[in-house]
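Notes follow once the structure below has been shown.
The values are calculated or read from the model by the stated rules, or taken from the named source; none is laboratory data. This one's a predicted model, so the numbers in the text were calculated from it and none came from an experiment. Cβ placement follows ideal geometry from the backbone for every residue including glycine, while neighbour counts extend to all protein chains displayed.
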Amino acid sequence: MHICSFSGLAADLPTKDRNDQSVLSALARDPKVSTWDMSELVWLRQIIERLKHRKLIRSLESPYPWRYYEITDKGKKQVEPIEC
C-alpha cells in the first residue's frame, strides 16, 4: 500500500518553527508546497509571499497540485540546516 501525502516539509513545520527562516530552510530541503496547503494555511502563504518579496525564493512552473520554489543565490546565503 502506498499513501501519498499532499503536504511538503514547509507545511508540516511545528508551530514554534513557523517563521521566515524555518520555511526558507524547509524549502531548501523540499521545494514543494501543495496547492491545498497554500489555500488553507494562511501563515504559510504569508511567509512564502514575504520570502518572494525579499527575493529569497522564486516560483517555478509546477504540475498540479504542487507549487515548487527555488532558493535564489541571496536566499542560499541565509539557509540554515533544519532537523526532521
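Across region 5-15, the qualifying residues are those that are at pLDDT below 95 and of a type in the set (Ser, Thr, Tyr), and the one among them that is surrounded by the fewest Cβ atoms within 10 Å (Cβ to Cβ) is SER5.
Each residue in region 16-27 was checked for being under 12 Å from LEU51 (Cα atoms) and surrounded by 16 or more Cβ atoms within 10 Å (Cβ to Cβ), and 5 pass. When the test is whether a residue is modelled with pLDDT of 95 or more, within 9 Å of the chain's Cα centre (by Cα) and under 12 Å from PHE6 (Cβ atoms), VAL33 passes it.
Checked against (1) in contact with a Lys or Arg (Cβ under 9 Å, 6 or more places away or on another chain); (2) more than 15 Å from VAL79 (Cα to Cα), VAL42 passes all but a single condition, namely (1).
If you take the residues of region 28-40 that are in contact (Cβ under 8 Å) with a residue 12 or more places away in the chain and within 14 Å of PRO65 (Cα to Cα), which of them is surrounded by the most Cβ atoms within 10 Å (Cβ to Cβ)? This residue is VAL33. Scanning region 12-37 for residues that are of a type in the set (A, V, I, L, M), out of contact with any strand residue (DSSP E or B) (no Cβ under 6 Å at 6 or more places or on another chain) and part of a helix (DSSP H, G or I) yields VAL23, LEU24, ALA26.
Is one or more of the residues making up region 42-57 part of a strand (DSSP E or B) and either free of Cβ contacts under 8 Å to residues at least 60 places away in the same chain or touching a strand residue (DSSP E or B) at 6+ places or on another chain (Cβ under 6 Å) (or both)? Steps first, please.
Initially, region 42-57 is screened for residues part of a strand (DSSP E or B), giving 57.
Checking which are either free of Cβ contacts under 8 Å to residues at least 60 places away in the same chain or touching a strand residue (DSSP E or B) at 6+ places or on another chain (Cβ under 6 Å) (or both) leaves us with 57.
Scanning region 42-57, I find at least one residue that is part of a strand (DSSP E or B) and either free of Cβ contacts under 8 Å to residues at least 60 places away in the same chain or touching a strand residue (DSSP E or B) at 6+ places or on another chain (Cβ under 6 Å) (or both), so the answer is yes.
What about ARG67, is it in a strand (DSSP E or B) and either within 11 Å of the chain's Cα centre (by Cα) or closer than 14 Å to ASN19 by Cα (or both)? Talk me through it step by step, then tell me what you get.
Working: in a strand (DSSP E or B): yes; either within 11 Å of the chain's Cα centre (by Cα) or closer than 14 Å to ASN19 by Cα (or both): yes.
Here the answer is yes, as ARG67 does meet what is asked.
Within region 41-61, if we keep just the residues that are surrounded by 13 or more Cβ atoms within 10 Å (Cβ to Cβ) and among the charged types (D, E, K, R), the residue that is farthest from the chain's Cα centre (by Cα) turns out to be ARG54.
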